[in-house]
Amino acid sequence: MISMEHLIIGVLLAFLVVITIGIIVLRDLMAAVILTGLYSLVAAGAFVVMDAVDVAFTEAAVGSGISTILFLGAVSFTRAEQKPRGNDSWLAIVFVIATGALLIYGTLDMPRYGSAESPAQTHPQLGKRFLEQSADEVGPPNIVTSVLASYRGYDTLGETVVVFAAGIAVMSLLGLKRRRPEEEIPEHAPEDQPPELEQDTDRLT
Amino acid sequence: MATVLGFYNYWVVIVLMMAGLYILISRYNLIKKMIGLSIFQTSIFYLYISIGKVENGTAPILNDDPATIYSNPLPHVLILTAIVVGVATTAVALALSVRIYENYGTIEEDEIRALNAGEHEL
């Protein structure tokens with residue numbers, strides 16, 4: 001009744017839910033960042049089950065690798081601990097549940113998972129055409145490559161422009177010279193504070 | 001039962017999305033907000049990929065057997081682009097948080113607001 005594929009996807013989704021609960025609860029940012037990387041990796045596993053192998057290895061390399069490194073870098077330049085505050089207000093919970101309920105109501109009109117008759121699969125100019133003609137028109141057996149580099153080549157060009165712009169933005173924000181956070185911000189780490197306090201009291205007495 | 005099997009994928013993904021949105025709304029820490037945003041993002045990738053899946057299909061890499069069913073390659077291409085663009089925007093947001101920390105000494109939203117209010121009083 002329940003196929004192996006559904007079973008695997010169900011287990012992976014359960015992992016994702018548990019990881020997300022962990023991220024919401026944890027106050028240690030370093031642990032939350034590592035869990036985010038794990039979230040991307042589990043999602044990449046689910047992508048393999050859903051036949052999206054190209055997306056899976058991009059997600060594993062970029063989402064779970066580079067993105068985690070960026071987060072770790074940002075955490076090391078700031079504080080690794082989130083303050084105990086944060087408003088777990090009823091308004092936020094009600095808003096999120098209402099939005100989720102509306103979205104779930106919207107899915108009832110969507111084609112069933114795996115349906116071969118859904119508009120996305122049967123549209124004559126999109127997926128179907130790529131599957132039937134990309135071998136003659138472009139060449140590579142991997143259709144994702146053909147669509148990425150040929151049919152939607154301008155899309156990919158736009159993507160590289162975005163990455164270039166983001167690189168310039170990051171460089172202009174942080175500057176090319178690397179600085180150590182300790183040099184500029186004295187009260188960086190909690191364990192740095194006691195000696196300073198002693199100095200202050202010395203000065204007072 | 002058939003309805004649940006056809007839709008549970010979407011439902012769990014929407015729950016994950018809303019969890020990301022909740023982190024984004026309710027946490028004051030800017031890096032924690034970015035983590036929530038990236039969970040939201042990955043959930044949307046999941047939604048797109050599950051739309052492209054065809055039952056009994058295989059990865060869209062052509063082989064010689066004409067009877068093979070392939071999954072839809074178009075969502076895969078769109079999400080490949082989205083992953084890379086998502087990382088680029090995350091990098092900019094994190095760079096902004098580091099700059100904010102250098103200027104204010106904190107990345108907690110309420111403390112930044114209090115510091116800004118103090119400046120206006122002066």
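Would a scan of region A:34-45 turn up a residue that is facing chain B (nearest Cβ under 9 Å) and over 19 Å from residue B:15 (Cβ atoms)? Quick ask: steps written out before the conclusion?
So in region A:34-45, the residues facing chain B (nearest Cβ under 9 Å) come out as A:35-36, A:39-40, A:43.
Imposing the further condition that a residue be over 19 Å from residue B:15 (Cβ atoms) reduces the set to none.
No, region A:34-45 contains no residue that is facing chain B (nearest Cβ under 9 Å) and over 19 Å from residue B:15 (Cβ atoms).
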Take residue B:49 and tell me if it is in contact with a Phe, Trp or Tyr (Cβ under 9 Å, 6 or more places away or on another chain), closer than 19 Å to residue A:130 by Cβ and at the interface with another protein chain (Cβ under 7 Å from one of its Cβ atoms). yes
If you check A:60, A:52, A:43, A:14, which single one turns out to be in contact with a His (Cβ under 7 Å, 6 or more places away or on another chain) and on the phi < 0 side of the Ramachandran plot? A:52
Tally up the residues in region A:99-125 that are surrounded by fewer than 11 Cβ atoms within 10 Å (Cβ to Cβ) and within 24 Å of the chain's Cα centre (by Cα), please. 1
Which residue pairs have Cβ atoms closer than 8 Å, lie 6 or more positions apart in sequence or on different chains, and pair a first residue in region A:1-26 that is at the interface with another protein chain (Cβ under 9 Å from one of its Cβ atoms) and among the polar types (S, T, N, Q) with a second residue that is surrounded by 12 or more Cβ atoms within 10 Å (Cβ to Cβ) and part of a helix (DSSP H, G or I)? A:20/A:39; A:20/B:16; A:20/B:19; A:20/B:20; A:20/B:39
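Looking at region A:148-158, is at least one residue closer than 30 Å to residue A:6 by Cα, surrounded by 14 or more Cβ atoms within 10 Å (Cβ to Cβ), at pLDDT 80 or above and not aromatic (Phe, Trp, Tyr)? Walk me through how you get there before you give the answer.
Filtering region A:148-158 down to residues closer than 30 Å to residue A:6 by Cα leaves A:148.
Narrowing the set further to residues that are surrounded by 14 or more Cβ atoms within 10 Å (Cβ to Cβ) leaves A:148.
Then drop every residue that is not at pLDDT 80 or above, which leaves A:148.
Now narrow it down to the ones that are not aromatic (Phe, Trp, Tyr): A:148.
Yes; the residues of region A:148-158 include at least one that is closer than 30 Å to residue A:6 by Cα, surrounded by 14 or more Cβ atoms within 10 Å (Cβ to Cβ), at pLDDT 80 or above and not aromatic (Phe, Trp, Tyr).
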Hey, residue A:77 surrounded by 12 or more Cβ atoms within 10 Å (Cβ to Cβ), of a type outside the set (Val, Ile, Thr), in contact (Cβ under 8 Å) with a residue 12 or more places away in the chain and within 30 Å of residue B:102 (Cβ to Cβ) or not: yes
Meets criteria (touching a Pro at 6+ places or on another chain (Cβ under 7 Å) and assigned to a helix (DSSP H, G or I)) for residue B:48: yes
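Looking at region B:98-109, which of its residues are of a type outside the set (D, E, K, R), surrounded by fewer than 21 Cβ atoms within 10 Å (Cβ to Cβ) and within 7 Å of another protein chain (Cβ to nearest Cβ)? Write out each step before concluding.
Taking region B:98-109 and keeping what is of a type outside the set (D, E, K, R), we get B:98, B:100-101, B:103-107.
Okay, now just the ones that are also surrounded by fewer than 21 Cβ atoms within 10 Å (Cβ to Cβ), so B:100, B:103-106.
Result: B:105, single match.
Can you confirm whether residue B:36 is more than 7 Å from chain A (Cβ to nearest Cβ) and not polar (S, T, N, Q)? Walk me through it before giving the result.
Details: more than 7 Å from chain A (Cβ to nearest Cβ): yes; not polar (S, T, N, Q): yes.
Here the answer is yes, as residue B:36 does meet what is asked.
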Might you check whether a residue that is buried (at least 17 other Cβ atoms within 10 Å of the Cβ), in contact (Cβ under 8 Å) with a residue 24 or more places away in the chain, assigned to a helix (DSSP H, G or I) and facing chain A (nearest Cβ under 7 Å) occurs anywhere in region B:53-73? no
How many residues does region A:89-112 hold that are charged (D, E, K, R) and more than 7 Å from chain B (Cβ to nearest Cβ)? 1
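Every residue in region A:27-64 that is among the acidic types (Asp, Glu), surrounded by 20 or more Cβ atoms within 10 Å (Cβ to Cβ) and touching a residue at least 12 places away in the same chain (Cβ under 8 Å), please.
Those that are among the acidic types (Asp, Glu), surrounded by 20 or more Cβ atoms within 10 Å (Cβ to Cβ) and touching a residue at least 12 places away in the same chain (Cβ under 8 Å): A:54, A:59.
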When residue A:67 is run through (1) at pLDDT 90 or above; (2) surrounded by fewer than 16 Cβ atoms within 10 Å (Cβ to Cβ), the failure sits at (2)
Looking for whichever is at pLDDT 90 or above and acidic (Asp, Glu) here; the options are A:59, A:5, A:81. Which one fits? A:59
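Give the residues of region A:126-148 that are small (Gly, Ala, Ser) and either at the interface with another protein chain (Cβ under 7 Å from one of its Cβ atoms) or under 26 Å from the mean Cα position of the chain (by Cα) (or both), sorted by residue number.
Narrowing region A:126-148 to residues small (Gly, Ala, Ser): A:127, A:134-135, A:139, A:146.
Within region A:126-148, A:127, A:135, A:146 meet the criteria.
The values are calculated or read from the model by the stated rules, or taken from the named source; none is laboratory data. Source: prediction; values computed, not measured. Glycine gets a Cβ as well: all are built from the backbone with ideal geometry, and neighbour counts include every protein chain shown.
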